[in-house]
Amino acid sequence: MPVTKKKTAAKKSNTIKLKFDTSWSYDPAPESKSAATIKPRYDLFINGEWQKPAGNKYFATINPANEEKLSEVAEANTADVDKAVRAARNAYEKYWKKMPAKERAKYVFRIARMVQEKARELAIIETLDGGKPIRESRDFDVPTAANHFFYYAGWADKLEYAFPNRRTEPLGVAGQIIPWNFPLLMAAWKIAPAISTGNTVVLKTAETTPLTALKLAEIIEEADLPPGVVNIITGAGETGAAIVNHPDVNKIAFTGSTDVGKIIQRAVAGTDKKVTLELGGKAANIIFEDAPIDQAVEGVINGIYFNQGHVCCAGSRLYVQESVAKQVIRKLKDRMESLIVGDPLDKNTDIGAINSRSQLETIQKYVKIGKQEGAEMYESSCSLPRKGFWCRPTLFTNVAQSNRIAQEEIFGPVLSILTFRTDDEVIEKANNSPYGLSAGVWTDKGSKIFNMTKRMRAGVIWANTFNKFDPSSPFGGYKESGFGREGGLHGLSAYVSLKV
Ligand code: NAP
Ligand code: MG
């Protein structure tokens, strides 16, 4: 796979002619696959054991960068889900809810440390299974996952300080369903607060990226967590639906698309299941004329091309104040040219593989729609590997607010750029979206930041930065981006009922 890309940094001075060659390229710097062990087949992790699926069916998970099969994983059916829920119930009633909180915390701390110890292997597997650059899995996904375990382990025996003058009780069995874009991190977001507060868990991974959650199951096994406290199962949409519809599940935590979120909400209507939904997004990133432009351009690049745009909070709509629009667009195009697209295992890679063929088709469909809508497309000139699923970093200018590429979630490295003149105009445009997960504001004025963020309908708003996460910060959306918060204190309240 070509991973090198020539960069020209020829800076010509009016008077002095440089005598050395200023063009340069990267040598490949691949991370080694041999540092990771992937079994040829994985069963279901139920009741602390690896159990064969009742239907004896397995499906393959591939590396989207070369379409090679990595392993095969079990397809859990309704009987398996029932077995997992029963194991979780048993663990909950018999020991987990009764265990002193500080003892529970020790297990969660142990998991956190083991995630750190196995960080390299987890990062390699995340990259192989999902296609994201190793730099991201190594520097973001895995450490942030470990941090979530540490953070919630710390709260386990301090809930009286999180909820003063209230007594907390766990909810019971939590059914948790995660998407494919941050497999290990999403598993950590869900499992860590749930078990720290005394609940037990049945978690289903996404079809295309099951491997790091299964590695986490191995860690949980090694950490000697009592059997049944965490059950990790693999399967398709029906497996997720079986968890949602199981009568003995007390809480559903779902991260995924708005369409499936709506199905889940309908399914639990009329039951006493508690629900949190973390759904899609179409984040507005707003650049004012007084912003530090280079910093903003870097933030926009990070916001949309980070993780191939497979990010619910990706800054996929860019609003630029008219007076600086030309300058920003030129700088964006220049920067796009320097992005390295290629082998996700290479440490120099900026943009890895698209997660699946069907996601690539969705992105291509939207690029076509954008052109048909009359927007002007620009993509970087990089070459793409022949095998696997790839997409060049792409942007659209001349986009209208009503265009589908400005309204719908593309979930790929495709940016829609719009312009504005006044604060009121950009607030109206940014809020004119069915989603409200995240947003970004770039300006030199603190007062403007506060004024804007107060009026914007988005769960998370970054100022002069983008896509920054911390376990102590709550995350979640408005409108069709879902409800409930994960992370921080707010993430605790999703797993407890408060008593006086
Ligand atoms: P998805 O199709 O909704 O799938 C999410 C999970 O739900 C997967 O495990 C999926 O299984 C499962 N599922 C599918 N149909 C189901 C059903 N009827 N009942 C229960 N579970 C079902 O979403 P995705 O394509 O994996 O992920 C991308 C979406 O997630 C984007 O819209 C993105 O914005 C959103 N997301 C949101 C956040 C957030 O925090 N707000 C974070 C990350 C991603 P299969 O894999 O087998 O289909
Ligand atoms: Mg895969």
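The values are calculated or read from the model by the stated rules, or taken from the named source; none is laboratory data. In this text the structure is predicted, and so the values were computed from the model without any measurement. Cβ sites come from the backbone with ideal geometry, for glycine too, and all protein chains shown count toward neighbours. Side chains are part of the model used for accessible areas, which takes the heavy atoms of the whole protein and leaves out ligands, DNA and RNA. Shrake-Rupley method; radii C 1.70, N 1.55, O 1.52, S 1.80 Å.
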Note down the relative contact order for the chain as a percent, whole number, built from C-alpha pairs under 8 angstrom at least six residues apart. 18
Quick check for you: with a 1.4 Å probe and neighbouring chains kept, what is the accessible area per residue of the stretch 81-137, in Å²? 41
With angles folded into 0 to 90 degrees, how steeply does helix 101-117 sit against the dominant principal axis of the chain? Use alpha carbons for both and round to 10. 40
Pairs of Cα atoms farther than 24 Å apart, the stretch 284-470, %: 33
In µm²/s, what is D for the stretch 364-500 at 20 °C and 1.002 mPa s, where D = kT/(6 pi eta Rh) by Stokes-Einstein and Rh is the Kirkwood radius from Cα pairs? 123
Based on the Kirkwood radius over alpha-carbon pairs, what is the Stokes-Einstein translational diffusion coefficient of the stretch 262-359 at 20 °C with 1.002 mPa s viscosity, in µm²/s? 133
Please give every one of the lysines within straight-line cross-link reach of residue 97, meaning a C-alpha to C-alpha distance under 26 Å, and leave out same-chain neighbours fewer than 8 residues apart. 83, 106, 158, 190, 204, 215, 251, 273, 274, 499
Taking the Cα centroid of the stretch 359-438 and of the stretch 454-500, what is the distance between the two, rounded to the nearest whole Å? 25
Based on the alpha carbon coordinates of the stretch 30-80, what radius of gyration and maximum Cα-Cα distance (Dmax) apply, in Å? 13.3, 42
Computed [θ] at 222 nm, deg cm²/dmol, the chain (DSSP H ≥ 4; -39,500 (n - 2.57); rounded to nearest 500): -11000 deg cm²/dmol
Tell me the net charge near residue 60. Cut-off is 12 Å between Cβ atoms, residue 60 excluded, with +1 for each Lys or Arg and -1 for each Asp or Glu. -3
For residue 331, counting only lysines whose alpha-carbon sits under 23 Å away and dropping same-chain residues fewer than eight positions off, the answer is 5, 6, 7, 11, 12, 282, 371, 445, 468
For the chain, diffusion coefficient by Stokes-Einstein and Kirkwood Rh (Cα), 20 °C, 1.002 mPa s, µm²/s: 91
Report the one residue of 417, 388, 183 whose Cα lies farthest in the direction of the positive end of the charge dipole of the chain (charges on C-beta: Lys and Arg +1, Asp and Glu -1; origin at the Cα centre). 417
Fraction of alpha-carbon pairs over 22 Å apart in the stretch 55-177 - percent: 57
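At a 1.4 Å probe radius, carbon and sulfur cover how many percent of the accessible area of the chain? Before the final figure, lay out the partial values.
Numbers: 10110 of 20480 Å².
Using a 1.4 Å probe with all protein chains present, the chain comes out at 49 percent carbon and sulfur.
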